[in-house]
Structures are given as structure tokens and as C-alpha cells.
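Read through the structure below, which is laid out as C-alpha cells, and then see the notes.
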Amino acid sequence: MWEAIFWLSAGTIVYIYFGYPLLIAAAGKLFARPVARSAFTPDITVIVVVHNEEAAIRKKLYNLLGQDYPPDKMTIVVASDGSTDSTVQVVESLDDTRIQLLNFDEQRGKAACLNDAVASCDTDFIIFADARQRFADCALRKLVENFADPSVGAVSGELIIETETRSGFSQGIDFYWQYEKFIRQAEARCGSVVGVTGAIYALRKSCYKNIPKGLILDDVLIPMNAVRSGERVIFEPEALAYDIPPPSPEWEHKRKVRTLAGNYQLVQRSPGLLLPWRNPIWVQFVSHKLLRLVAPVFLLVGLVTNIILVNESLLYTLILAIQLVLYAAAFIGIMLPATHQLLAIRIPMTFCLLNWSAVLGFREFVARRSEQLW
């Protein structure tokens, strides 16, 4: 019995982090569905929802206004969610007719503002952006060209972490992003991506359905609604947004906990995603999103059963030794930041922190279930 439990746990972990990425990569090569993209510049609306972004909004709007896209075909809607700083005044001071301001006095959350901002659009295509990240000059054009293919309902851009001053921790985060982008590109090649890069993605407006108030992962549910309506969600690696590394492990940890809490909330708010007959990419959704939430359980069970079985054979002794070395490396990385430059420390530490974040994300979801999160 203990052996069966151990190998089930070990096999699940291997599938989550190695098996699924390799399988979806193979599917992307064997069952590739090319996108019929071409030069295409329809009228678009860029939506930026903000709350107290006085430090970033001016630079962001200049970045959008300077895009390599026909100026007469672009509108920018800034939706201020009850900002109490000078965000609204900064937007109003920019003398450009392409900028429209939706100023909501009461803070209601990003999801509610997104619903209102989309409802105000009169274009067939929408780009969603955050205030902080800088877009490459051709980002909008590269996103929109994919809509020349009528099967495409949403397009995710790519987030680049600028690491001129690379700390070991930021390299670990960059490694994780590279891993994620590998999976997303493979998913897009054979069908649809599970979720998009929230800082830069585009949507066919006809695919938009109002999202629940207080939703955390709008960048998962919005594209998943497009998939459920029969459209593809693809990944565009030439539509780049640039961001700086997180200022500290604590800041990144807090963000990751919130994101993982959002996965639990997503299932609660949209349980149809769990049903294969209502979710066309059910296998991808379960493999990419849901199994990662329960991975810490399998890791713990695998460790405990491995200890129980350690005297059964040399194989179990070797596997236990490998586990203990990896956990020890993660512990050293957490306790001694100076060791983050070492790959043998950085990768186990990042892996363990992400799985610990899944545990804390569940606690966050349970503790703040009724609380509106931005």
C-alpha cells in the first residue's frame, strides 16, 4: 500500500512539472494549428484600469500614444477605481483626444471597472494593459494582426523581466517565467492557452462576458470564456511588455499567494471549468492550473511514504537522499540570500516557495472568501 501511494504521488509530481510540459510540446508539433495572421489594423480600444497609479500612469500613457499603430484607429480608456491620489489629475492633464477617462469615485475592484470599461467601448477589438509595464513599440500591432484569423478570440503578449542588475532571486523568477512561456507557447500551437499575460493581451469584444465582482484572475476567466464560446486563445511572442524584477522575495511571495488564492476563487466562481463537456481545454486547465494547487499535498505524501519505505530497497534510500538534498538547498536559499546566485540553490528554492505559496493561497482564499480583492 505504501509503495502504491508513494509512486502515485511521485508520478503525479513528475507529470505536473515535467510530463505535461513535454506532452503539450509534442502535441504542439504533431497537431499544430497555425494562425493565419496578416497585416490588420482595425479600430482598437486600450483599457487600463488603475487605482492610485500617479507614479506610473503618465509614462504608461506616453508609451501607448507612441505605439506603432495608426493614431486615428486607437482609443485609450483609463478607468480609475476610486483613486485617492493625483492619478485622475494626471490623466486629465494630458491633452490628447485619444484618451478617455472613466473616473469612479467609489472603489469597487478591478473586475467591476473592467465590465464598465468594456461596455463603454465601441470597437470590435480591445487591448488590456496594466499601468506599470512598458510595451514594445510594435506590441499593439503584433497583437492585433492575429485577429486576421477569424478563429482567434484572444491573444496573449509576452512579459519580459528586465534584469540588468540580476540578483539571484530575480534570476529564479526569470527561470520560472521562461518555464511558463514554454508551456503557453506549446498550448497555443495546438489549440488555446490556459490564461493570458494580464499585463498585455487582446480580445475580440464579442467574446467578452461580464466577470464576477471581486474576481482576482480576470486574465484567466476572460480568455477561458472566449475558449468556451468556440474561439482560440493564442500566444504572440513578438508582442512584448517589459517589467522590472520584484523588489524582494517577500513582495513576489505575496503576489504569488494572491494569484494562487485566485485559482481557488476561480473554480468557486466558475465551476463549469471543471466539467470536460463545458470546457474545451479541460485537460490543459486541469494539468496547468488545478494540479499545481494540490502539488504540495503530493510532495508531502511522497516525502512521508518515502521515509516509511526507506529500508525497503536502495532505490528508496537514493530517492529520499535526493529529496532531502533539494529541500536542504531550498532552506539554505531562504535563510542565506547570498547563495541565490547558485543555480543548485536558486531552482529548488523557487520550486519550494511556489508550492508553499499554493498552501498559503488556499488559506488566503478560505480566510478572505467574502472580501473583495483588487
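Please work out if Asn225 is assigned to a helix (DSSP H, G or I) and without any contact (Cβ under 8 Å) to a residue 24 or more places away in the chain. Yes; evaluated as a whole, the condition is true for this residue. For the residues Val144, Val46, Val90, Val50, the requirement of being touching a helix residue (DSSP H, G or I) at 6+ places or on another chain (Cβ under 7 Å) and under 18 Å from Leu240 (Cβ atoms) singles out Val46. Against the test of being within 20 Å of the chain's Cα centre (by Cα) and aliphatic (A, V, I, L, M), the options Val14, Val49 yield a single qualifying residue, Val49. For residues that are of a type in the set (D, E, K, R) and in contact (Cβ under 8 Å) with a residue 60 or more places away in the chain, scanning just region 272-319, find the one that is farthest from Thr350 (Cα to Cα). The selected residue is Glu312. In the set Leu22, Leu8, Leu64, only one residue is assigned to a helix (DSSP H, G or I) and crowded, with 18+ Cβ neighbours inside 10 Å; that residue is Leu64. For region 96-129, a residue qualifies if it is out of contact with any helix residue (DSSP H, G or I) (no Cβ under 8 Å at 6 or more places or on another chain), among the aliphatic types (A, V, I, L, M) and crowded, with 18+ Cβ neighbours inside 10 Å, and the qualifying residues are Ala112, Ala117. Within the span defined as region 198-206, every residue fails to be buried (at least 21 other Cβ atoms within 10 Å of the Cβ), in contact with a Cys (Cβ under 9 Å, 6 or more places away or on another chain) and small (Gly, Ala, Ser).
Here, each number is a calculation from the coordinates, and none is a lab measurement. Computed from a predicted model, the values in this text were never measured in an experiment. Neighbour counts are summed over all protein chains in view; Cβ atoms, including those assigned to glycine, are modelled from backbone coordinates with ideal geometry.
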